[in-house]
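What follows draws every value from the coordinates through simple rules; no lab data is involved. Just so we're clear, the structure is a prediction, and the values are computed from it rather than from any experiment. Positions of Cβ are generated from backbone atoms using ideal geometry, with glycine treated the same way; all protein chains shown enter the neighbour counts.
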Amino acid sequence: MKIKIFFLILIFLIMGIIPVISMHNDSVKIFEKEKSTENSDVNYENNKTQKSENSVLEGLLYARYSEDLNVEALKAFAVLFNNNLSKEEKSFNLKDKNIYISDLELKEKFPNNYSDIIENIKKIINETNNIYIYNDNNTAYIPYSECSSGVTYTDKKYENLISVASPWDKISEKYNNDIKCVGVSLAGIEFLCKYYDYKTALMWYLPKYVIK
């Protein structure tokens with residue numbers, strides 16, 4: 001009799017423990033699933049943000065692209081634009097087709113080699129993605145103009161900017177004697193990058209800054 005009672009108690013105990021273990025395992029699985037979903041959501045948002053930022057930068061470079069523009073000039077623009085996007089993204093008027101175009105608009109502009117252009121620009125962005133312009137160890141927004149009047153000007157908002165000569169701008173189609181360029185001349189960058197690498201070209205206009 002005692003043995004039967006013992007086995008009955010043991011059976012009840014086992015029957016009580018099994019659901020608890022099962023519930024615990026299910027809870028662990030649910031928690032792990034939720035955690036995995038949460039991580040997936042975070043990764044998705046990070047990838048989405050990264051893609052969005054890269055897409056904007058790509059569109060800015062598409063708009064600058066021309067068949068006679070060399071790789072070093074595109075690298076200089078990639079660094080300058082990416083740097084400024086990180087500081088003041090809204091400073092770019094993305095509705096202006098001279099500033100930003102989509103990949104479809106690029107295809108319309110260069111129907112024969114647009115895929116090669118896209119591939120090259122993506123490669124340039126990857127190579128310069130972590131290069132920024134620093135002022136006292138902090139990334140700094142850098143103003144620029146399409147061209148200068150042969151010299152750049154200072155501005156009280158940018159204490160480290162100094163006036164530098166940019167005489168080659170006078171041979172640019174965009175030259176205008178009345179232009180007041182503060183910071184970097186894009187036409188000047190295009191000219192200098194025919195002879196120097198992109199960092200040297202940028203440093204001509206930004207001698208008090210650090211590019212790294």
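Here is how the numbers come out for the structure above:
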quantity	calculated
Restraint check, Lys97/Lys174; Lys174/Lys194; Lys97/Lys199; Lys107/Lys194, Cα-Cα greater than 24 Å	Lys97/Lys199; Lys107/Lys194
Where GluC sites (Glu not before Pro) fall in DSSP loop in the stretch 54-100, at most 16 other Cβ within 10 Å	Glu67, Glu88
Rounded to 5, percent antiparallel among DSSP beta bridges of the stretch 132-212	60 percent
Derived scalar couplings ³J(HN,Hα) [the stretch 74-90; Karplus, 6.51 cos²θ - 1.76 cosθ + 1.60; whole Hz; x for Gly, Pro]	5, 5, 4, 5, 4, 5, 4, 5, 5, 4, 6, 4, 5, 9, 9, 4, 6
Two-site FRET efficiency, Lys123 against Asn70, from Cβ-Cβ distance with R₀ of 25 Å, rounded to 0.05	0.95
Residue-span extension gain [Glu146 to Thr200] - 0.36 nm each, minus C-alpha spacing	17.6 nm
At R0 = 25 Å, FRET efficiency that the Cβ-Cβ distance of Asn177 and Asn93 yields, to 0.05	0.50
For the stretch 57-212: rounded, prolate or oblate by the Cα gyration tensor [a/c cutoff 1.5]	prolate
Extreme residue, positive dipole direction of the stretch 132-212, given options Asn160, Thr200, Asn137 (C-beta unit charges)	Asn137
Spin-label pair Glu108/Lys156, simplified geometry with 7 Å Cα→Cβ offset, distance in nm	4.4 nm
Mean separation of Cα contacts under 8 Å (6+ apart) over length of the stretch 132-212, as relative contact order %	37 percent
Val210/Asp116 FRET efficiency (R0 30 Å; Cβ-Cβ; nearest 0.05)	0.35
Dipole in debye (nearest 20) - the stretch 150-212, about Cα centre, beta carbon charges: Lys, Arg +1; Asp, Glu -1	180 debye
